[in-house]
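The values are calculated or read from the model by the stated rules, or taken from the named source; none is laboratory data. This is a predicted model, so every value here is computed, not measured. So basically every Cβ, Gly included, is an ideal-geometry build from the backbone, and we count neighbours across all protein chains shown. SASA here: full protein model, heavy atoms, side chains in, ligands and nucleic acids out. Shrake-Rupley method; radii C 1.70, N 1.55, O 1.52, S 1.80 Å.
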Amino acid sequence: KHSDYRRNSIRQNENEAEIGYWLKSDLWRRGIMTEATMRVLEHAFTDLKLSKVWGGYYNDNIASFRVLKKCGMIYQYSKEVYLPLLEENRTEHVLCITAEQWYKQRLHHI
């Protein structure tokens, strides 16, 4: 069932996934998240044979936007979301990359 695969904020099909991450601030600006995200994408497309991977960031998190862009993700849309733990609304910006886009990107970097 489609709803079984919708456990996060971004709607996706059965053969798609969403990536999310958190890194403590004293480890920022070392390329750790970019490297980790690239490896997760490689696993997603080569081992799991997913067709698409989604990612998102909030307005105040430009660093996450940069990571997703460096990994080849392309902007899709923005939406307002309610965060119950923070009891506030935020704008979430959603990006994605398809398996085809990821493989083309890899060919250009070899």
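Below is a table of values for the structure above.
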item	result
Condition met for residue 75 (open to solvent by 80 Å² or more (accessible area, probe 1.4 Å), part of a helix (DSSP H, G or I), hydroxyl-bearing (Ser, Thr, Tyr) and modelled with pLDDT of 90 or more)	no
Candidates 33, 38 - the one that is touching a residue at least 12 places away in the same chain (Cβ under 8 Å), touching a Cys at 6+ places or on another chain (Cβ under 6 Å), surrounded by 11 or more Cβ atoms within 10 Å (Cβ to Cβ) and in a helix (DSSP H, G or I)	38
Candidate set: the range 11-34, residues that are of a type in the set (Asp, Glu) and under 13 Å from the mean Cα position of the chain (by Cα); chosen: the one farthest from residue 103 (Cα to Cα)	18
Some residue of the range 58-66 being more than 18 Å from residue 16 (Cα to Cα), of a type in the set (Ser, Thr, Tyr) and in contact with a Ser or Thr (Cβ under 9 Å, 6 or more places away or on another chain)	yes
Residue in the range 49-71 that is closer than 23 Å to residue 107 by Cα, among the hydroxyl-bearing types (Ser, Thr, Tyr) and either free of Cβ contacts under 8 Å to residues at least 40 places away in the same chain or part of a strand (DSSP E or B) (or both) present	no
Subset of the range 78-110 [in contact with an Asp or Glu (Cβ under 9 Å, 6 or more places away or on another chain) and part of a helix (DSSP H, G or I)]	102, 106
